[in-house]
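K.L.:
Take a look at this one; I'll ask things after.
The values are calculated or read from the model by the stated rules, or taken from the named source; none is laboratory data. Fair warning: this is a prediction, and the values are worked out from it, not measured in the lab. In this analysis, Cβ positions are derived from the backbone assuming ideal geometry, glycine residues included, and neighbour counts consider all displayed protein chains.
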Amino acid sequence: MLEIVYQDNDLIAINKPHGLLVHRSKLANDAKEFALQLLRDQVGKHVNPVHRLDRKTGGVLLFAFSKEVEIEMQKQFQEGLVEKKYLAIVRGFTPDEMEIDYPLAKENGTLQEAFTMFRTLERAEIPVQFGKHPTGRYSLVEANPKTGRMHQLRKHFAHIFHPIIGDRPHGCNKQNRYFKEHYHMNTMLLHASSLAFVHPLTAEHINITASLQPEFERTATIMGLNLEALHNFSVK
């Protein structure tokens, strides 16, 4: 059963597990289950995804029960009216706060502006040497993308040399291989923690949050990150 974190007459949101595709895709013929079909069968109603999350990203995934609400919500996403927050564990010690203003290319090569703000919640080290560094260093960050480009957070954190752990192909192969071989981690440590927006029909201010998935928490524990801090992250 999918975890439903919000539902009204027009919208429904789940806490998507890592590894679950939103819908069928020719790029992932190995997948047998999809959030769209699972949720439809679970609630017994047709649902329409109003945005996307990568297969390896967990967290808040929003659907609409009607085409009208789907279109209205998609407009809010396109116009930057939806506040999105993510939690990620990245390589290295990140600055306390930072703004990343770095254009990203579409598939046809056209550049699009892309802007991300983030703040560091916690830092941790593990006693494993990677290259010239005597320890593995990591940061837990809360990221707020102001634009919605494909793989924006993955590309932005790679651009500042703090790739998300478990990210392929934008991440660090040495780090990803280590966590897969030693801790059997096959996911990416990126979690869509909250969505905030104005309801398109009722004008109510909606704030939807989703708790961390077990794989994220397990890896955070291995790294020595404070789980109490993870459970009490800010969604302001």
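K.L.:
Hey, can you tell me all the residues within the stretch 149-196 that are in a loop (DSSP other than H, G, I, E, B) and among the hydrophobic types (A, V, I, L, M, F, W, C)?
P.N.:
Step one: of the stretch 149-196, the residues in a loop (DSSP other than H, G, I, E, B) are 149-151, 160-163, 165-172, 184-189.
Across the stretch 149-196, the qualifying residues are Met150, Ile160, Phe161, Ile165, Cys172, Met185, Met188, Leu189.
K.L.:
Only one residue in Ile222, Ile206 is more than 25 Å from Ile100 (Cβ to Cβ) and in a helix (DSSP H, G or I), so which one is that?
P.N.:
On the way: Ile206 fails: in a helix (DSSP H, G or I).
Exactly one residue qualifies, and that residue is Ile222.
K.L.:
Out of the residues in the stretch 1-10 that are in contact with a strand residue (DSSP E or B) (Cβ under 6 Å, 6 or more places away or on another chain) and either among the hydrophobic types (A, V, I, L, M, F, W, C) or not in a loop (DSSP other than H, G, I, E, B) (or both), state the one that is farthest from Met73 (Cα to Cα).
P.N.:
Initial filter on the stretch 1-10 (in contact with a strand residue (DSSP E or B) (Cβ under 6 Å, 6 or more places away or on another chain)): 2-6.
From the residues that got through so far, the ones that are either among the hydrophobic types (A, V, I, L, M, F, W, C) or not in a loop (DSSP other than H, G, I, E, B) (or both) too are 2, 4-6.
Working: Leu2: 22, Ile4: 18, Val5: 17, Tyr6: 15 Å.
Only one residue fits best here, namely Leu2.
K.L.:
Search the stretch 150-170 for residues being basic (Lys, Arg) and buried (at least 19 other Cβ atoms within 10 Å of the Cβ), and hand back the single one that is farthest from the chain's Cα centre (by Cα).
P.N.:
Kept after step one, since they are basic (Lys, Arg), are these residues of the stretch 150-170: 154-155, 168.
Going one step further and asking which of them are buried (at least 19 other Cβ atoms within 10 Å of the Cβ), we end up with 154-155.
Details: Arg154: 9, Lys155: 13 Å.
Once the filter is applied, the top-ranked residue is Lys155.
K.L.:
Let me spell it out: the conditions are (1) crowded, with 21+ Cβ neighbours inside 10 Å; (2) under 29 Å from Ala105 (Cβ atoms); (3) modelled with pLDDT of 95 or more, and Phe197 meets all of them except one. Which number is the exception?
P.N.:
Just one mismatch for Phe197, condition (1).
K.L.:
Tell me which of these Phe93 doesn't satisfy, since it passes every other one: (1) modelled with pLDDT under 95; (2) closer than 30 Å to Gly136 by Cα.
P.N.:
Evaluating Phe93 over (1) modelled with pLDDT under 95; (2) closer than 30 Å to Gly136 by Cα leaves (1) as the failure.
K.L.:
Let me ask something additional. Where residues in the stretch 110-144 are in contact with a Lys or Arg (Cβ under 6 Å, 6 or more places away or on another chain) and within 17 Å of Gly58 (Cα to Cα), which of them is surrounded by the fewest Cβ atoms within 10 Å (Cβ to Cβ)?
P.N.:
Within the stretch 110-144, the match that is surrounded by the fewest Cβ atoms within 10 Å (Cβ to Cβ) is Asn144.
K.L.:
Looking at Gln152, Gln78, which one is among the polar types (S, T, N, Q), in contact with a Gly (Cβ under 8 Å, 6 or more places away or on another chain) and under 30 Å from Ile12 (Cβ atoms)? If you could, list the steps in order and put the result at the bottom.
P.N.:
Values: Gln152 fails: in contact with a Gly (Cβ under 8 Å, 6 or more places away or on another chain).
One residue alone meets the criteria, Gln78.
K.L.:
Pairs under 8 Å by beta carbon, first residue over 11 Å from Gln213 (Cα atoms) and modelled with pLDDT under 95 in the stretch 56-69, partner surrounded by 21 or more Cβ atoms within 10 Å (Cβ to Cβ) and of a type in the set (Gly, Ala, Ser), six or more apart or different chains?
P.N.:
Lys56/Gly166
K.L.:
Follow-up question, since we're still on this one. So which residues in the stretch 98-124 are farther than 17 Å from Arg154 by Cα and either among the hydroxyl-bearing types (Ser, Thr, Tyr) or in a strand (DSSP E or B) (or both), if there are any at all? Show your work before the answer.
P.N.:
Of all residues in the stretch 98-124, those farther than 17 Å from Arg154 by Cα come to 108-110, 121-124.
Passing the criteria: Thr110, Leu121, Glu122, Arg123, Ala124.
K.L.:
Let me ask another. Glu79: free of Cβ contacts under 8 Å to residues at least 12 places away in the same chain and farther than 23 Å from Gly224 by Cβ, yes or no? Spell out how you get there, then give the answer.
P.N.:
Details: free of Cβ contacts under 8 Å to residues at least 12 places away in the same chain: yes; farther than 23 Å from Gly224 by Cβ: yes.
When the stated conditions are applied, Glu79 passes them.
Residues are listed down the side, and each one gets a yes or a no for (1) under 26 Å from Asp10 (Cα atoms); (2) touching a helix residue (DSSP H, G or I) at 6+ places or on another chain (Cβ under 8 Å); (3) of a type in the set (A, V, I, L, M):
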{"site": "Leu140", "(1), (2), (3)": "no, yes, yes"}
{"site": "Ala158", "(1), (2), (3)": "no, no, yes"}
{"site": "Gly171", "(1), (2), (3)": "no, yes, no"}
{"site": "Asn207", "(1), (2), (3)": "yes, no, no"}
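K.L.:
Still on this structure, please answer the following. For the condition within 25 Å of Pro145 (Cβ to Cβ), more than 22 Å from the chain's Cα centre (by Cα) and crowded, with 18+ Cβ neighbours inside 10 Å, what is the one hit in Val60, Val47, Val69? It would help to see each step written out before you state the result.
P.N.:
Working: Val60 fails: more than 22 Å from the chain's Cα centre (by Cα); Val47 fails: more than 22 Å from the chain's Cα centre (by Cα).
Residue meeting the stated conditions: Val69.
K.L.:
Shifting gears a bit: May I ask you to list the residues in the stretch 171-192 that are more than 20 Å from Lys85 (Cα to Cα), of a type in the set (Ser, Thr, Tyr) and within 20 Å of the chain's Cα centre (by Cα)? Full working, then the answer.
P.N.:
Keep residues of the stretch 171-192 that are more than 20 Å from Lys85 (Cα to Cα), which gives 171-186.
So of that shortlist, the ones also of a type in the set (Ser, Thr, Tyr) come out as 178, 183.
Those that are more than 20 Å from Lys85 (Cα to Cα), of a type in the set (Ser, Thr, Tyr) and within 20 Å of the chain's Cα centre (by Cα): none in the stretch 171-192.
K.L.:
Give the residue that is nearest to the chain's Cα centre (by Cα), with candidates limited to residues of the stretch 118-149 that are without any contact (Cβ under 8 Å) to a residue 60 or more places away in the chain and more than 25 Å from Glu228 (Cα to Cα).
P.N.:
Here the answer is Arg149.
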